[in-house]
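One structure below.
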Amino acid sequence: PPVIGVIVQLGRHVKKNVRRSLERVATVASVAQESFRGIMIIKAFRMEEHQTARVLGELERLRKYMKRMIRADVAVGPLSEFVMALGVVVFMLLSGKRVQEGLMDGGDLVILYFALAAMLDPMRKLTSVNNAIQGSIASAERVFDFIDARPDLAEAHDAVALPRLGESLEFDRVHFAYPGAEDEVLHDVSFGVPKGSMAALVGFSGAGKTTLAKLVPRFYDPTRGRVLLDGIDLRAASLKSLRDQIGLVTQETILFDESIRENIACGCQDYTDEQIRRAATIAHAHDFIERLPHGYDSRIGEGGGTLSGGQRQRIAIARALVKDPSILILDEATSNLDTESERAIQRAIEESIVGRTTIVIAHRLSTILRADQIIVLDKGAIVEQGTHAELVRQNGLYSRLYEVQFASTPEAAQE
């Protein structure tokens, strides 16, 4: 029992330090990746010493945990040997005393001694095996933590498959606060977007425009209120049937280190070359793709690093259009494009939104002027709603936004 107790206690110590070491490894990897991604900023602002100190600090913490783990692993052998030797000595003393007292004969003592000696080698092996097992358990627990993690948004057990959008997308008295936050980001937001129409969300930074758009594909659920698709609460719908009919272009362009074809198809093998090329043509990406050495099979590097910002965004637009979605969400979709490319894409978007519900978050007047309705948000609430001409005449927040951001643009001059 004393030997087993030593093995168990040291095994627990090894397990604890392996788990902490794995956590530190993840932190070191995160800091290193952050450094590589921001290498230009680090160089431009002469942050080399600061960032190096950060990485070395994390490595030092990792070294300490690794040192503790190795110490525990190394200590198991000598400690278990000492305890086993001590056990043999105690056994011999007690057994010898029993022989002297006539309670045991010498033959039994010899038999017990050899039986005890035969157990020593398995006990040594058990010690080393236990350490390896405890380390493996610690590693496996981190994997199972991810596997067993519950999604924040659970799909209803009786979720219905949504048909393709037929009438409208509606926000019904929507309130929203991020998990753990006390203040609401959206307050009592209600409006509808009929099928085939475009709604533009405008407002100052932090007004809640992007958060509102994220409720449509159910990245979040409203704290109160409902988002309805043809009268069906999105919480009652299956995520697959909902997201299959949504095309999304985010403010930050996310691309993968794969070919352009795979980025546009987004991992789906069902799209034909014709569908991929058509989407790229609509997004005005086809011409520059064809000029690349391997065309649509060209790899674009991590985050699309081999492409310009405008090229990356056009591929993201093609990715949103290739699935022929009934709902388009364009979050500042032309913010990285030059004026000529933006105009071309605006013409393409006009063609692609026919028969679709479109929600646009834009800082460009050219996008807003084409909207069927403009939703003006301020501090998470709708303060104005209408067309461009109606809102300018109201001389409210939209009128001030128009004067600050758009009045000097070529589109405003043409208007």
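What follows is calculated from the coordinates using simple rules that are stated; it is not laboratory data. Just so we're clear, the structure is a prediction, and the values are computed from it rather than from any experiment. A quick note on method: Cβ atoms are made from the backbone with ideal geometry, for glycine too, and the neighbour counts reach across all protein chains shown.
Numbers at a glance
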quantity	calculated
Top of D152, D378, D108 by mean-square fluctuation, Gaussian network on the chain, Cα under 10 Å	D108
Size of electric dipole in the range 168-414: Cβ of Lys, Arg +1 and of Asp, Glu -1, about Cα centre, debye, nearest 20	200
Lys, Arg +1 and Asp, Glu -1 on Cβ, resulting dipole of the range 2-147 about Cα centre, debye, nearest 20	700
Fluctuation leader among P179, P217, P78 - the chain, Gaussian network, Cα springs under 10 angstrom	P78
Leading residue at positive end of dipole, the chain (Cβ point charges), from M84, G106, A236	G106
Cα-only Debye scattering, the range 168-414: base-10 log of I(q)/I(0) at q = 0.09, 0.10, 0.13 Å⁻¹	-0.40, -0.49, -0.83
Cα→Cβ-extended label distance, 7 Å offset, between V31 and L126, nm	4.2
Cβ-derived FRET efficiency at R0 45 Å, T387 paired with F146, nearest 0.05	0.40
Orientation-averaged projected area, Cα convex hull of the range 164-249 (nm²)	5.9
Dipole in debye (nearest 20) - the chain, about Cα centre, beta carbon charges: Lys, Arg +1; Asp, Glu -1	1540
Candidates A154, A140, A265: whichever shows maximal mean-square fluctuation once the chain is modelled as a Gaussian network with Cα springs under 10 Å	A140
For L162, residues with placed amide H under 5 Å, excluding near neighbours	S238, S241, L242
Rounded D (µm²/s) - the chain, Kirkwood Rh over Cα pairs, Stokes-Einstein at 25 °C, 0.890 mPa s	91
Whole-Hz couplings from phi, Karplus 6.51/-1.76/1.60, listed for the range 287-292; x for Gly and Pro	5, 6, 5, 5, 7, 6
Which listed pairs, of K209/K379; K67/K125; K209/K323, have C-alpha distances above 20 Å, in listed order	K67/K125; K209/K323
Descending semi-axes in Å of the range 1-122, equivalent ellipsoid built from Cα gyration tensor	57, 10, 8
At q = 0.20, 0.25, 0.30 Å⁻¹, base-10 log of I(q)/I(0) for the range 3-48 (Debye sum, equal scatterers on each alpha carbon)	-0.70, -0.83, -0.94
Pair V55, A75: separation of 7 Å Cα→Cβ label points (nm)	3.3
Cut-off 19 Å (backbone N to label point 7 Å along Cα→Cβ of A156), residues of the range 228-257	228-245
L116 versus M104: modelled label distance in nm, points set 7 Å from Cα along the beta carbon direction	0.7
Residues whose placed amide H lies under 5 Å from that of I375, excluding near-sequence neighbours	A200, L201, V202
Bridge type composition, the chain - antiparallel percent by DSSP, nearest 5	50
